Amino acid sequence: RVRRVAVVGAGVSGLAAIKCCLDEGLEPICFEQSDGIGGLWRYTDQAEEGRASIYRTVFTNSCKEMMCYPDFPFPDDHPNYMHNARLQHYICKYAEHFDLLRHIRFKTLVTKVRKRPDFSVTGQWEVVTQRDGKEETAVFDAVMVCSGHHVYPKLPLDEFPGIQKFKGCYFHSRDYKEPEKFRGKKVLVIGLGNSGCDIAVELSTVASQVYLSSRSGSWVMSRIWDNGYPWDMLVITRFQTWLGNILPRALSDWLYVRGMNRFFKHENFGLMPLNRTSRKEPVFNDDLPSRIACGVVVMKPNVKEFRETSVLFQDGTVQDDVDVVVFATGYSYSYPFMEDDSIIKSRDNQVTLYKGILPPQLKKPTMAVIGLVQSLGPTIPTVDLQCRWAIKVFQGRGQTLPSLCLKKKMEREGKKKKKRWGKPKAAPLFLPSLPRRYGSSTTLQTDYITYMDELASAIGVKPNVLKLLLTDPRLALEVFFGPCSPYQFRLMGPGKWSGARKAILSQWDRTLR
């Protein structure tokens with residue numbers, strides 16, 4: 001019987017894991033290698049080994065009503081999009097409110113997680129930790145890996161010929177903190193993701209010129225949509241998902257491209273994705289189009305070759321006198337504490353997790369990887385529901401998984417989904433319903449509402465819209481046509497929160513405040 005649970009990491013995922021364990025009467029012990037909580041959102045002036053790192057001016061891409069813990073809304077007076085320091089303050093308040101800190105061992109590094117010799121019978125794990133030079137080993141009934149996937153930078157220098165002879169400086173975006181040291185310099189940023197765009201826009205205020213290189217282009221969205229409302233409150237709705245599933249693919253593609261070009265034509269700005277109908281996750285940046293229009297950011301194709309002081313691009317153009325190159329090329333997932341890393345990675349180094357959470361080859365499903373799934377929706381509600389689902393599996397409740405059949409069950413579901421996603425269903429009018437990809441990315445990509453409903457259904461917490469329509473029509477209409485906010489998954493069933501209904505019906509008021 002699962003009772004003692006080891007939680008690796010005290011970021012937003014780890015805190016959710018601790019709380020969900022406590023809600024179910026379990027005994028969590030969380031190991032955090034730093035001296036504080038928050039993980040990715042805990043800013044430091046220098047990047048620290050083994051920890052995620054952000055730059056000083058990072059803001060959230062999800063609004064407060066969509067990204068909060070589902071039973072702990074943000075204060076009414078908080079802005080819709082928050083600076084990292086304000087979000088970190090909220091995370092600390094969450095931990096304080098639910099008394100989570102006493103379950104965390106700070107400055108404790110997990111060095112090894114391995115199966116016990118009798119794992120096939122007990123499902124237990126040995127967790128080896130290190131603190132102040134002292135090593136300690138403890139036995140746990142289950143392990144929740146909440147160490148994140150923005151820790152180990154991906155710096156593919158072998159894909160950029162000539163980089164060794166480049167006389168300027170180059171570094172990964174993980175080491176970027178603030179722009180002042182680049183004043184008056186010519187800077188090339190490689191990578192058209194959220195970090196690359198943010199850094200390019202910020203550097204354009206001090207650098208003499210910024211070049212932004214992209215291999216395949218990307219859709220760029222603003223946080224602010226129709227009538228000034230947050231994008232995700234208008235787009236991430238059950239109605240949009242339902243509509244996307246019934247439209248013919250050709251009509252869906254046309255509406256998708258039209259919707260993404262609604263504020264500016266991407267082709268005119270050198271941003272158009274090579275596959276314009278691809279459901280690649282968009283980039284969120286309110287300022288990039290205007291920076292390009294002002295000429296302070298210049299879009300360039302992929303780099304073909306580096307020279308001593310210049311860069312040759314794939315289109316044959318050469319940019320001279322480049323001083324700095326920032327590689328915003330993403331991150332690799334790694335679990336150095338896993339004695340057998342094939343538990344999470346398959347032999348071809350790809351991620352293979354049932355529901356994006358459980359390693360399928362374990363004879364006993366007593367390990368969960370939290371937070372590796374990526375969708376167009378917010379992270380905090382996703383990891384909260386993942387933790388609730390995983391703990392039900394640990395306990396053999398909810399969607400009980402016969403452990404020996406788990407791998408076969410996953411393979412069957414994978415084949416079904418391959419058939420479905422070979423010709424992806426229609427996307428919502430404005431934004432993509434991302435097909436799930438196992439292993440082709442650092443993270444497992446999925447449609448937010450579809451994924452959340454899968455987990456919620458398995459543990460009995462998915463909102464029943466038809467039932468609500470009969471018993472509470474006002475709430476039912478808001479649940480279906482309004483934003484799919486986190487409170488929906490605390491409306492009913494195990495873990496029900498008494499404030500969920502009020503939070504849903506007042507979410508637009510808090511947004512306006």
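How many residues, within the range 3-28, are crowded, with 24+ Cβ neighbours inside 10 Å, among the aliphatic types (A, V, I, L, M) and assigned to a helix (DSSP H, G or I)?
5
In the set ARG116, ARG56, which member is without any contact (Cβ under 8 Å) to a residue 40 or more places away in the chain and not hydroxyl-bearing (Ser, Thr, Tyr)?
None of the other options fit; the residue is ARG116.
Within the range 133-155, track down each residue that is more than 19 Å from SER195 (Cβ to Cβ) and assigned to a strand (DSSP E or B).
Once the filter is applied, which keeps residues that are more than 19 Å from SER195 (Cβ to Cβ) and assigned to a strand (DSSP E or B), the range 133-155 yields LYS134, GLU135, GLU136, THR137, ALA138, VAL139, PHE140, ALA142, VAL143, MET144, VAL145.
Out of ARG262, ARG258, report the one residue that is open to solvent by 60 Å² or more (accessible area, probe 1.4 Å) and assigned to a helix (DSSP H, G or I).
ARG258
What residue, among those in the range 265-297 that are of a type in the set (Gly, Ala, Ser) and not in a loop (DSSP other than H, G, I, E, B), is farthest from GLY482 (Cα to Cα)?
ALA293
Kindly provide the set of residues from the range 73-105 that are within 16 Å of LYS19 (Cα to Cα) and either assigned to a helix (DSSP H, G or I) or in contact with a His (Cβ under 8 Å, 6 or more places away or on another chain) (or both), ordered by number.
Within the range 73-105, TYR90, ILE91, CYS92, LYS93, TYR94, ALA95, GLU96, HIS97, LEU101, ARG102, HIS103 qualify.
Could you please tell me which pairs satisfy a Cβ distance under 7 Å, a separation of 6+ or placement on different chains, a first residue in the range 217-232 that is under 22 Å from GLY270 (Cβ atoms), and a second residue that is of a type in the set (Lys, Arg)?
SER218/LYS280
As an exercise: evaluate TRP231 against (1) in contact with a helix residue (DSSP H, G or I) (Cβ under 9 Å, 6 or more places away or on another chain); (2) over 30 Å from GLU49 (Cβ atoms); (3) not charged (D, E, K, R) and give the number of the one condition it does not meet.
(1)
Return the residue satisfying two criteria in turn: it lies in the range 225-254 and is among the acidic types (Asp, Glu) and more than 18 Å from SER278 (Cβ to Cβ), and of such residues it is most open to solvent (accessible area, probe 1.4 Å).
Per the criteria, the residue is ASP226.
Considering only helices (runs of 4 or more DSSP H) fully contained in the range 422-509, which possess at least 2 residues that are open to solvent by 20 Å² or more (accessible area, probe 1.4 Å), closer than 27 Å to ASN80 by Cα and at pLDDT 95 or above?
473-481, 500-505
Regarding PHE166, is this residue touching a strand residue (DSSP E or B) at 6+ places or on another chain (Cβ under 6 Å), crowded, with 20+ Cβ neighbours inside 10 Å and not aliphatic (A, V, I, L, M)?
no
The values are calculated or read from the model by the stated rules, or taken from the named source; none is laboratory data. All of these numbers come straight from a predicted model, not from anything done at the bench. Backbone-built Cβ (ideal geometry, glycine too); neighbour counts: all protein chains shown. Calculation scope for accessible area: heavy atoms of the full protein, side chains included, ligands and nucleic acids excluded. Shrake-Rupley method; radii C 1.70, N 1.55, O 1.52, S 1.80 Å.
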